[in-house]
Structure formats: C-alpha cells, structure tokens
C-alpha cells in the first residue's frame, strides 16, 4: 500500500509536467530563469490550505513560509530568514499572514493537554490568549470563541511582523511594502480580510518604532 502511494506521487508529477507543457512548451524554462514574486505568504502548515491555489496564483507568484498556526516569532530564525530574503532580495510588495478557522494549533492553545515538543511552540499562542482573555472569556459559545481566537492570533502576528527590524528598515528606505491579515475558511474556501494593514512604521505604537 505504501509503495503504491509513493509510486503514485511520481506518476502524478509526470502527469502534471505533461499538462503544463501541453499549454506552454517553455513553461519550466521560463520558471528556471528566476523568481520575482510580488507576495510573501505566511500561513499555517495545515495540509488543507495550498497558498497558491487559494488565491489563484501560479508557481513563481508567491513566496511561502508555513508553520504551526502561522506564527511570527521574533526569535524564529527560519521565519526571519524567509522574511529577510523576501523583503531585501525578492523585493516583495505585499505580505499576507493567513490563518484559518479550525486551526489545530489554536485549538490546542485553548486547552491544557500535554502534546510533546510542540507545547513550547503553542506557548506563544497561549500568550496571545492571555493578552486578549478579557474579550475571549466573554464569548461563551466555544466555537465562536475558537473562531475569534483564530482572528485575534492573526492580528497579533501582523503586528509582530510590522515590529521586525527587517520590515521597519524597508519602510525607512521608502520601500513599498504592505502587510495584511487574513483568515481562510476551509468550509467554503473564502478568505476573511480582517482589515488589519500596515504600510509604514509610524502606524505602530511609538515604543516599537526603530530609529536607523
């Protein structure tokens, strides 16, 4: 069974290549010449949210970073490396932090069950709950509280993204860079634009604004 599954992956790749070449015989030749994506997508690692497909983008149009619950953690060198390359090398113009309703990482952060190593990651999500517990604790319907926590977490990650020295340096150099927060619904495939956007560092509280 496992061997058949693995073989199917190779066959699917070959069929995909054939389908692309049938439309444009130079498809992969063009892609091999480099990338200039206008967008960096910071999303959840959940297998049900393919970044390109959600927004109808082709390969080469979206630079992607994914982790559990789409977190922007200031000490995460993986995320920071992707961000730095996207902003300073690729010169992306937009960054979207996209969470999703029904996120397992967010759900785990609402409880106290020990899972394993991921407990250390989820603690950052719990910090978001602690900051907003007054609002969240007034929502008695558990599903509605869950959905709202997903939204609040995205909002906080957008703020944390704007606070990074990478993003602020880009704004200082008058680089066009827009940050947005979305939540995707697996139930209907639509995104919810949370209307949390940043385009310059003076939109942040003074304490977070860096001087260069």
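The values are calculated or read from the model by the stated rules, or taken from the named source; none is laboratory data. Fair warning: this is a prediction, and the values are worked out from it, not measured in the lab. When we count neighbours, we look across all protein chains shown, and the Cβ atoms used for this are built from the backbone with ideal geometry, even at glycine.
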### Query
Given the residues 88, 70, which is the only one that is touching a residue at least 60 places away in the same chain (Cβ under 8 Å) and closer than 17 Å to residue 183 by Cβ?
70
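For segment 104-116, check the following and say yes or no: at least one residue is in contact with a strand residue (DSSP E or B) (Cβ under 9 Å, 6 or more places away or on another chain) and surrounded by fewer than 19 Cβ atoms within 10 Å (Cβ to Cβ). Quick ask: steps written out before the conclusion?
As a first pass, look at segment 104-116 and keep what is in contact with a strand residue (DSSP E or B) (Cβ under 9 Å, 6 or more places away or on another chain): 104-106.
Then drop every residue that is not surrounded by fewer than 19 Cβ atoms within 10 Å (Cβ to Cβ), which leaves 104.
Looking through segment 104-116, at least one residue is in contact with a strand residue (DSSP E or B) (Cβ under 9 Å, 6 or more places away or on another chain) and surrounded by fewer than 19 Cβ atoms within 10 Å (Cβ to Cβ).
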### Query
Do we find a residue being over 19 Å from residue 69 (Cβ atoms), modelled with pLDDT of 95 or more and in a helix (DSSP H, G or I) anywhere in segment 124-141?
yes
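Quick one: is residue 13 at pLDDT 95 or above, under 14 Å from the mean Cα position of the chain (by Cα), part of a helix (DSSP H, G or I) and more than 23 Å from residue 192 (Cα to Cα)? I'd like the intermediate steps shown before the answer.
Details: at pLDDT 95 or above: yes; under 14 Å from the mean Cα position of the chain (by Cα): no; part of a helix (DSSP H, G or I): yes; more than 23 Å from residue 192 (Cα to Cα): yes.
Criteria not met by residue 13.
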